[in-house]
Amino acid sequence: MGINQAADDARPVDGFDLQDVLFIGVIVFACSIFGIYTAPPGVLAAFWPANAVLVGLMLRPRHPPTPLHWLVAAGAYMLADLYMQHGWPKSAMLTATNLMGVSVCYFLLSRMNPEYQSLRHPRSMLRFVLVVVSGAAAAGAVGIFIHPVLFGGSPSHGFAFWFSTELVNYIAILPVMLTMPDVRRWLTEHKRRADWSSWRVEQLAPLAAFAASLWLGTQLGGPGVIPYPIPAMLWCALTYSLFATAGITLFFSLWTLLAISSGTLVIGANFDSQQAIMSLRVGVTLTALAPLTVASVMVARDELLARLKYAASHDVLTQVLNRGGFLTCAEALLATPQLHRRPVAVMMMDIDFFKKVNDSYGHAAGDVVLTNFARVAEAGLRSGDLLGRLGGEEFAVLLPGCGAEDARLIAQRICDAFARHAVAVGDSQSLNSTVSIGVCCLPGSGTPIETMLSSADTALYKAKHSGRNRVEL
């Protein structure tokens, strides 16, 4: 098969992405088989991931579901049950129950604000719980009719059994699906080794405590072992990302249910009855909610602090660093050991005749000139250079690891680009402004940033008095 033919096969046909549809079917089938094989005697499954995984897959923004997606998912459920020789009537009833809960969860989650849907709002966990309770209740409603047929129990017992089963699976798995980062984007942002965040030994301590709590439960046993990991999971929620915390709670739920069903974790209770199994599942569900809630609130808190920090350190108009933010970042950058023996340069830039722009065209036009200059200056700088607005029409740049000649070339590039840049200041009106730049270069970073700015300001003063629209060292 040629490359072009393979590309054509991957394209949507009649509005359907066939690869994505098949992907849904394969994942649902695999999760269903996994759930069936976790079943202890007399129970359909100790852990059923298929429904929650399907909800997460349907919510992907790049692949909105079509009727074909739902049909293939239903077929995958049926195929898994038939593979396990459940028979057509039983397979159809189980598939209807699964799809009822999935469709309700998808319908409610798809209408949520993205901030709530990704659990990044302080109140998102409350809405999330309401959604999964609704989905579990929908499955329980179907269980009222099919449970007496399949297992001979009462309708009320059928509702409770299906409700508790779906609830624990949704709360364990859906947070992972909802908070999962975009893998392609993540890999793009972490191409280089330097892009990976460094781990310290103390950052592994919460994970080690979590593992130790699980091991301790297998050694001690007894009815109180289920909440053993709660302190460690709360510690993880305060330390790691929301996605990592969701993964840890998923592992806890999966481990607890499977370890008890296999006899690895002995809690001293008889799980021959479905009522005992339901009680266990509700207990695991409530245990997993605590760290998820803490992690969700921490994400909202961290994002709020980041916005406040950004607002305090950036200029509102141009969105570059303000004076305080520039000086703070410059001092931190100059203090890094890598710069101690490397050259460093500072530029002071002042837009020429800026007062005349305000007087002739108005302050709104002056604001447009400032924002346009900030974009032109940013485009002319290297990655890692610092740009800040010190006040009025005055800007500064820190060029780490930059010698005199390179600094002069960068400054001249900005000067020439801004002189060529026409700024639209009104209806069919435009003007060309210029900038004067003073540059100070030093062989190392031992000089305070204020001293370097003062030297660059002297060079800027010389550029102003030498005709403007020029660079002076």
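The values are calculated or read from the model by the stated rules, or taken from the named source; none is laboratory data. Just so it is clear, the structure is predicted and the values come from calculations on it, not from any experiment. All Cβ positions, glycine included, derive from the backbone under ideal geometry; neighbour counts span all protein chains shown.
Some values worked out for this structure:
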quantity	calculated
Among (1) within 24 Å of the chain's Cα centre (by Cα); (2) outside any helix (DSSP H, G or I); (3) β-branched (Val, Ile, Thr) - the single one Val316 does not satisfy	(1)
Tally of residues being more than 19 Å from the chain's Cα centre (by Cα) and hydroxyl-bearing (Ser, Thr, Tyr) across the stretch 167-182	1
Residue within the stretch 23-37 that is at pLDDT 80 or above, closer than 29 Å to Ala246 by Cβ, touching a Cys at 6+ places or on another chain (Cβ under 8 Å) and surrounded by 13 or more Cβ atoms within 10 Å (Cβ to Cβ) present	no
Elements of type helices (runs of 4 or more DSSP H) in the stretch 70-175, at least 2 residues being under 27 Å from Trp255 (Cβ atoms) and in contact (Cβ under 8 Å) with a residue 24 or more places away in the chain	88-110, 124-151
Residue tally, condition crowded, with 21+ Cβ neighbours inside 10 Å and touching an Asp or Glu at 6+ places or on another chain (Cβ under 7 Å), over the stretch 389-417	5
Leading residue by the ranking (modelled with the lowest pLDDT) among those in the stretch 406-425 that are farther than 16 Å from Glu378 by Cβ and in a strand (DSSP E or B)	Val425
Qualifying residue in the stretch 335-349 (condition: small (Gly, Ala, Ser) and within 23 Å of Ser428 (Cβ to Cβ))	no
Leu54 assigned by TED's automatic domain parsing to the domain that holds Phe107 and modelled with pLDDT of 85 or more	yes
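Listed here are the residues, each with its yes/no results for (1) exposed (fewer than 15 other Cβ atoms within 10 Å of the Cβ); (2) modelled with pLDDT under 90; (3) not small (Gly, Ala, Ser); (4) not assigned by TED's automatic domain parsing to the domain that holds Val357.
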| residue | (1), (2), (3), (4) |
| --- | --- |
| Asp427 | yes, yes, yes, no |
| Ile437 | no, no, yes, no |
| Cys441 | no, no, yes, no |
| Ala459 | no, no, no, no |
| Lys462 | yes, no, yes, no |
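Matching residues to (1) in contact with a helix residue (DSSP H, G or I) (Cβ under 7 Å, 6 or more places away or on another chain); (2) surrounded by fewer than 16 Cβ atoms within 10 Å (Cβ to Cβ):
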site	(1), (2)
Leu265	yes, no
Gln275	no, yes
Thr318	yes, no
Phe326	no, no
